[in-house]
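To keep things clear, I will list the structure first and then write my remarks on it.
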Amino acid sequence: MLAVENLEVRYGGIMALRGVSIEVAKGETVLLVGANGAGKSSLINAVIGLVNASKGSVRFAGRDLSALSCDCRARAGIGYSPEGRRVFSTMSVKDNVLTGAHGRGKVAQREAWDWLSGIFPLLKERAAQPAGQLSGGEQQIVAFARAMSSFPDLVLLDEPFLGLAPVWIARISEAVRQMQARGTTILMTEQMARPALKLATRGYVMRGGEVRRSGTVAEIRDLALAEEYL
Ligand SMILES: Nc1ncnc2c1ncn2[C@@H]1O[C@H](COP(=O)(O)OP(=O)(O)OP(=O)(O)O)[C@@H](O)[C@H]1O
Ligand SMILES: [Mg+2]
């Protein structure tokens, strides 16, 4: 479903990705692990189109994405939850969630809202409240729900557990399982490898802008956990 080939990303003189290739098959949950600065977010951002690649290609459902804007990539069926639980802080919780389903019509938006507020009662309880007033964990739920509100075929989750208490990690994990049950394909990054390894089928360990190892969760577990302490 997603094929990244020999991808290179540079920020001025800094080379953040040095020829990275990964594949994600339909229905898989693939984990990118690695220490700070390994290049995980750069890879995610190059897939959704927030950063430009200086070399290589990103193909989604057989289609080369290079020429498409972020918006077009989202409409092609890719959802994105950014690192650091970014929400529109003055916008209500409900509007934040539905920006992900923007342009899809009232029926699809209602369906998305009913589904997501069923999974996360918090969204219903706080629907009218400005999202900036929520706690960090609550904002992460909003960012996550926004990524899901378009019913994407592929969803990119950049550090969904960052800074969260165990109870919130469990809630997000449960929502990921519900997405998996719907057949959603998932590419997630996580420094906190332990809970993420429970959700993934396969993974890539990154360091210094390169893939160090790839394989099933069992095959990468030891290296992934070692990277956590770098
Ligand atoms: N906008 C930017 N401008 C300049 N350098 C950047 C920018 N974004 C990232 N970098 C650099 O690119 C490299 C890879 O960063 P990236 O954010 O992809 O890593 P990461 O694996 O997501 O790290 P973290 O776990 O801290 O989120 C780092 O050396 C970082 O300093
Ligand atoms: Mg990152």
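Miscellaneous remarks
- Here Val87 meets the list (1) in a strand (DSSP E or B); (2) over 20 Å from Glu5 (Cβ atoms) almost entirely, failing just condition (1).
- Test: Ala38 is of a type in the set (A, V, I, L, M), part of a loop (DSSP other than H, G, I, E, B) and within 15 Å of ligand 1 (Cβ to nearest atom): yes
- Residue satisfying all of: in the stretch 18-53; among the polar types (S, T, N, Q) and either at pLDDT below 95 or closer than 24 Å to Ser173 by Cβ (or both); least open to solvent (accessible area, probe 1.4 Å) among these: Thr29
- Conditions (1) within 15 Å of ligand 1 (Cβ to nearest atom); (2) aliphatic (A, V, I, L, M); (3) out of contact with any strand residue (DSSP E or B) (no Cβ under 6 Å at 6 or more places or on another chain); (4) not in a strand (DSSP E or B): number failed by Met15: (4)
- Here Ile220 meets each of (1) more than 16 Å from the chain's Cα centre (by Cα); (2) of a type in the set (Val, Ile, Thr); (3) not in a helix (DSSP H, G or I) with one exception, condition (3).
- If you go through the stretch 54-67 and keep only what is open to solvent by less than 70 Å² (accessible area, probe 1.4 Å), polar (S, T, N, Q) and away from ligand 1 (no atom under 16 Å from the Cβ), you end up with just Ser57.
- Selection of strands (runs of 3 or more DSSP E) fully inside the stretch 103-212 by the criterion of at least 1 residues being surrounded by fewer than 18 Cβ atoms within 10 Å (Cβ to Cβ) returns 202-207.
The values are calculated or read from the model by the stated rules, or taken from the named source; none is laboratory data. As the structure is a prediction and not an experimental result, all values here were calculated from the model. Heads up, the Cβs are rebuilt from the backbone with ideal geometry, glycines too, and the neighbour counts pull from every protein chain shown. Keep in mind that these areas ignore ligands, DNA and RNA; they rest on the heavy atoms of the full protein, side chains included. Shrake-Rupley method; radii C 1.70, N 1.55, O 1.52, S 1.80 Å.
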